[in-house]
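Below is one structure, written out as structure tokens, with a few remarks after it.
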Amino acid sequence: DARVTQTPRHKVTEMGQEVTMRCQPILGHNTVFWYRQTMMQGLELLAYFRNRAPLDDSGMPKDRFSAEMPDATLATLKIQPSEPRDSAVYFCASGLGRRLDTQYFGPGTRLTVL
Amino acid sequence: KQEVTQIPAALSVPEGENLVLNCSFTDSAIYNLQWFRQDPGKGLTSLLLIQSSQREQTSGRLNASLDKSSGRSTLYIAASQPGDSATYLCAAYFSGGSNYKLTFGKGTLLTVNP
């Protein structure tokens, strides 16, 4: 049963600390998306990659957020330094080429910044 | 700005009732529209995808319609069951931009009471 995995599932940290979230896309998928979900803003796209290359990260605060794909099986989203307003659930999704109906979501990382 | 709106934010119905969830979007240049289900603490599961050339899609007890001219989509759930309780999100791909970018509504929290 292929699925997107995310670690950690929950993270509590203090303001100013670095946070790294990891995502393992479904094997063979070549697009990876990072989303953030909050009560106020709903689900927002932060960044996405195709064939490991970043295509758009305009939704991401550039001064503190960075997203990378070191290899085809790992995507990372890093926040440094973290702030309380970063508290949210961060979802990773993977998809296949231009099939727009094949975004599969991971279970999310619930981040709390104190 | 391209936006997706869902009303109501929450809906509670007795088991067995037929119900309609509403989604509206601000730009008629829509490529396709997708309905997702989100269970508490979980990621998103795609339910139905409607291409811009289509008027509706059906899957089991679910039927989604798309009216581009009025900027509206509806998700019809027949004979609702307690297991249908979840948050339902609609999301749109808008033409002219990247085909990979989904714009989400904030969702409707559905509770089906036994």
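When residues in the stretch A:1-27 are screened for being touching a Ser or Thr at 6+ places or on another chain (Cβ under 8 Å) and without any contact (Cβ under 8 Å) to a residue 40 or more places away in the chain, 0 of them pass. If you go through the stretch B:41-92 and keep only what is under 30 Å from A:PRO8 (Cβ atoms), of a type outside the set (Lys, Arg), in a loop (DSSP other than H, G, I, E, B) and within 12 Å of chain A (Cβ to nearest Cβ), you end up with B:GLY41, B:GLY43.
If you go through the stretch B:11-24 one residue at a time, how many are assigned to a strand (DSSP E or B) and either in contact with a Ser or Thr (Cβ under 7 Å, 6 or more places away or on another chain) or over 24 Å from B:ALA78 (Cα atoms) (or both)?
Residues flagged as assigned to a strand (DSSP E or B) and either in contact with a Ser or Thr (Cβ under 7 Å, 6 or more places away or on another chain) or over 24 Å from B:ALA78 (Cα atoms) (or both) within the stretch B:11-24 amount to 9.
Could you check, for the stretch A:57-69, whether at least one of its residues is surrounded by 18 or more Cβ atoms within 10 Å (Cβ to Cβ), away from every other protein chain (no Cβ under 12 Å) and out of contact with any Ser or Thr (no Cβ under 9 Å at 6 or more places or on another chain)? Checked against the condition, which is being surrounded by 18 or more Cβ atoms within 10 Å (Cβ to Cβ), away from every other protein chain (no Cβ under 12 Å) and out of contact with any Ser or Thr (no Cβ under 9 Å at 6 or more places or on another chain), the stretch A:57-69 yields at least one hit. Among the residues making up the stretch A:13-38, those that are within 24 Å of A:PRO81 (Cβ to Cβ) and surrounded by 13 or more Cβ atoms within 10 Å (Cβ to Cβ) are A:THR13, A:GLN17, A:VAL19, A:THR20, A:MET21, A:ARG22, A:CYS23, A:TRP34, A:TYR35, A:ARG36, A:GLN37, A:THR38.
Within the stretch A:88-103, being modelled with pLDDT under 65 and more than 9 Å from chain B (Cβ to nearest Cβ) holds for one residue alone: A:ARG99. When the criteria are applied in full, B:GLY71 meets the requirement of being at pLDDT below 95 and under 10 Å from B:CYS23 (Cα atoms).
The values are calculated or read from the model by the stated rules, or taken from the named source; none is laboratory data. Because the structure is predicted, anything quoted here is derived from the model rather than measured. Methodologically, a virtual Cβ is constructed for each residue, glycine included, from the backbone with ideal geometry; neighbour enumeration extends over all protein chains shown.
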